[in-house]
Structure formats: structure tokens, C-alpha cells
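Since the structure comes first, as C-alpha cells, the remarks are kept for the end.
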Amino acid sequence: MIEIFLIFFLYLIFCFTIFTPINIFNTSNENFKSLDIASFNLAININILLFLSLLSYSLNEIQKFLIIYYTLIFIFLYFKNFKKFFDKQISYFPIFIIFFIISVSVANNLKLGWDAKFFYYIKSLYFFEGRILTDLVEFKAYHFHPHLGSYLWAFFWNLSFIDHEYFGRLFYVFIFSFSIFYIIPQKKNKILLIFYLSIILAIFFDYKFFSGNQEILIFSYLMIISKYFDYFKNNKHILYLLLLITLYLNLIFWTKTEGLVYICIFTLIINLNSNLRYKEKIIFTSIILILILFKLFVYDHYELNLNAQPSYNLDYIKDLKINQILVKIKYIFIWLAYYSLNNIFFITGIFFIIYFNFDKKFYDDNIKFLNIYLLLITSFIFSAYIFRDQEIVDSIRTTMDRLIMTSSGFFVYMILNNINKIISKKLINS
């Protein structure tokens, strides 16, 4: 019973990350609703935690300040319109439903994923026990893994009052629950809303996604980013959209090693966006370069090894023979097809992209973005395994399913949006 209470309590704590520091009712443009502001708040708050994780202060020292700060700012923002805030909480209730269902499953199945057990959990222990980023140099085994996911894990674990590590992982569940609710169309139609939520949970939910591995975070961030790209069609508040995308790309960059790949992919897509002016592209690209250089500086300062994968080395790449590459490509193609067919979002995304390319009335900049994204993410998957100094089948079977799952996050909004158009059209015709 106490664990059920704590799940509810932590949900309320997590909600501070979407309701502050910007009032969700303060939106001056009809194109941006309260949920868009909530997504902005989430990005701001996780980036704040990222910044705090780089300082020489323990979790306990930081949390004391943050608890007071967020309590005061919440009272300041919503005291005068608390009834309106309470009504909005009711409309956000599906987030809690998703969160509660998955959280109960996590609480009843505490097995950690392989990477989580040997890398991310150990890092979270460092922070949980009051250590700081500098201390991670002691963790020689794969210390190059980015630390943000582990810091979030430890931060909210430390707030739970009970020494169960999974309470920290529930923040991953919250981010996923919010991102799913954020991208679902027709939220005012309760029947369709329940239908979408039920379908997504039924076909997607698997405990391994919430076992402490970081892929679920990137998957969730990509879902949110995909909706921002759809807003480009309105050609309004471009700089605001670029800021939001930048904040989430920065989180992806600090969450997993392949975050660098995603940040490069989306930088290219932004620069090919015909809705953006040359000046806006320059500003965005410059900020991305600054973020990359900043991470290089931080890792150099703390003597951490940035993206130093032991499975990749120049000597192995230089010695690769054509016949070796062809054999690897054969296996990659076979297993890519297998894992794609086993991931409903990835294979459905490919189906829609192919269909829209043949039906020109649907072709627009968004389809162009999806084409580029699919091409680049597929190229990355092939390159990752061709140049990896490891037995090819073993390498693929231990990681490719997670790469496919992660990258499919960018397709989910497009899939739901088009399914919603089909359903709405049928309802109108009937």
C-alpha cells in the first residue's frame, strides 16, 4: 500500500516539471496550447537538472534548494487561478492513467536491463550516495556513457523516502506518459482518446523498455520533436520552435552516445527546411555547434572519455575487406527487416512514408523530413554494424532491436495523425 501511495506522490512531484516555471495558461498565440507550454517546461527543467549535474554539489544540497524554489514558483503561478489549474489537471488525467499502469508493472518486475545493470545503475548509485560528476572517473568500465539518465534516476530515487531504486526510474515512465499524451490527436473526443491510449499501450508496452535502459527517454523526446516539426507548416514562431527542438536535442545528446548522431541528423533536416530563412538556419546550427563543443569541454575537464566506444577503432576500420563488408551488409539487411517487422511503429512509419511519396497530394516538407530521417537513420544503423569490431550476428542481436525502437519515436506522431484523419473522415462520411 505504501508503494502505491508513493507512486501517486511521485507523480505529483513529476508534474512540477510540466507546470513550472512557465504558467501553462500563459500562451499568447492560439497555435500553442497549454500542452505545448508544458512540453517546454519539461525540456527546461530537465536541462536545468543537466546543468546542475555538472556542478560540484551533491543531490541533497541541490534538492533542498529546488524543493523550496519550485514550491514557491508553483504557488506564485497558480494561486490566483487554482480552480482553472485543477480543471486542467482533470483533462491531464490520462497521463496519470498511463503512468500508473506502467508504474505498477515496473514495481512488480524489478529486473534491470543489461546496460542498466552494469552501467547506468552504477552511475546512479554514485549520485545517489552524494558523489558528483568528477567521481565518475573512478568508474573505469564504460565510463564514457553519458550520465544524464543516471542523474535523473538518482535525483528522483532520492526524493522517494524509500530506498527502492525503481522510484527513480518512474520518471522515465512519466516522460513517456506525457509524450504519448502530448502527441495524441483529438484529445477532446474522449472515445478516440481512450482508443488511441489503449492501442498504444497494448502494442507497445514491454517491461524491458522501462528496465533502466535509456532508449525510452530518446524515444519519448523524438515523439515530442516530431510534433514540433508539424508546426513548421504554419510558418509562425519559428524561433520558438527551434528553441524547443534545440532543448530536446541537447537532452538526447547527453542521454546516450548515439545522441550525437541524432543531433547531426536533425541539424541537417533543419538546414533543408524551406520554411526557414537562412539567418534562422545559421543561428540554429551555431547553437548546436556550441552545445557539442560545450560537451567536449565538460568531458575534457572531468577527464571523461567522450564517445570512446571500445568496439570501434581506426585500425579495424582500415583493415576491413570488401568481402567482410558484404557479409556484414547481408546480415544487417536480414536482421533489420526482422526487427522492423517486429516494431509496429517503425514498419508502419515506413509504410506511410512510401505511400505518401507515391501520392503527390500528400507530399510536403514533412514528408521530405521523414524521407531524410529514414535515409539517415538507416545509414547510421548500417554504418554502426559495418565498422563495429565485434561478431556481426551477436552484435546485432544484442542491440539492433533497441536502435529500431528508439528511432521509431519520430514516426509515432505522423502515424497517429494520419490514422486520426482516416477515422475522422469515416465518421464524417457515415
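Dividing the summed helix terms, -39500 (n - 2.57) for each DSSP H run of n ≥ 4, by the number of residues in the chain produces a 222 nm estimate of -23500 deg cm²/dmol to the nearest 500.
If the chain linking residue 278 and residue 125 were pulled fully straight, counting 0.36 nm for each residue of separation and taking away their Cα-Cα distance, it would gain 50.5 nm.
In this structure, the amide hydrogen of residue 130, modeled 1.01 Å from its nitrogen in the peptide plane, lies closer than 5 angstrom to those of 59, counting only residues at least 5 positions away or on a different chain.
Listed cross-link partners 33/421; 64/88; 117/295; 33/80; 33/227; 256/281 are compared with a 18 Å cut-off, the Cα-Cα value being larger for 33/421; 64/88; 117/295; 33/80; 256/281. At R0 = 41 Å, how high is the FRET efficiency between residue 359 and residue 397 if r is their beta carbon distance? Nearest 0.05 is fine. Result of the calculation: an efficiency of 0.65.
Accessible area per residue for the chain is 46 Å², calculated with a 1.4 Å probe on protein heavy atoms, without ligands, DNA or RNA. When the Cα positions of 102, 228, 407 are compared along the charge dipole of the chain, 228 comes out farthest toward the positive end, with charges on each C-beta of Lys, Arg, Asp and Glu. Sorting 348-358, 83-93 by their mean Cβ neighbour count within 10 Å, with the most densely packed peptide first, gives 348-358, 83-93. Spin-label model, residue 61 to residue 321: label points 7 Å out along the Cα-to-beta-carbon direction sit 5.8 nm apart. A straight Cα-to-Cα reach below 20 Å connects residue 330 with the aspartates and glutamates 319, 389, 391, 394, 401, residues fewer than 8 places away in its own chain not being considered. Shape class for the range 316-394, computed from the alpha carbon gyration tensor (a ≥ b ≥ c): prolate, with a/c not under 1.5 and a/b above b/c. The label point for residue 80 and the one for residue 420, both projected 7 Å from the Cα toward the Cβ, are 3.2 nm apart.
Among the GluC sites (Glu not before Pro) within the range 1-87, those in coil by DSSP and having at most 12 neighbouring Cβ atoms inside 10 Å are 30. From most to least packed by mean Cβ count within 10 Å, the peptides 247-260, 147-160, 317-330 give 147-160, 247-260, 317-330. Between residue 351 and residue 118, the contour length at 0.36 nm per residue exceeds the Cα-Cα span by 80.2 nm. Expressed as a whole percent, the accessible surface of the range 260-418 that belongs to carbon and sulfur atoms is 66, based on a 1.4 Å probe. In terms of its alpha-carbon gyration tensor, the range 69-204 comes out oblate; a/c meets the 1.5 threshold, while b/c is at least as large as a/b. Spin-label model, residue 329 to residue 69: label points 7 Å out along the Cα-to-beta-carbon direction sit 5.2 nm apart.
Available extension along the chain between residue 300 and residue 341 is 10.6 nm, counting 0.36 nm per residue and deducting the alpha carbon span. Only Lys, Arg, Asp and Glu carry charge here, each on its Cβ (+1 for the first two, -1 for the last two); on that basis the range 12-127 has a dipole of about 200 debye about its Cα centre.
The values are calculated or read from the model by the stated rules, or taken from the named source; none is laboratory data. Everything numeric in this text was worked out from a predicted model, so none of it was measured. Cβ atoms come from the backbone with ideal geometry, glycine included; neighbour counts cover every protein chain shown. Only protein heavy atoms, including side chains, enter the accessible area calculation; ligands, DNA and RNA are left aside. Shrake-Rupley method; radii C 1.70, N 1.55, O 1.52, S 1.80 Å.
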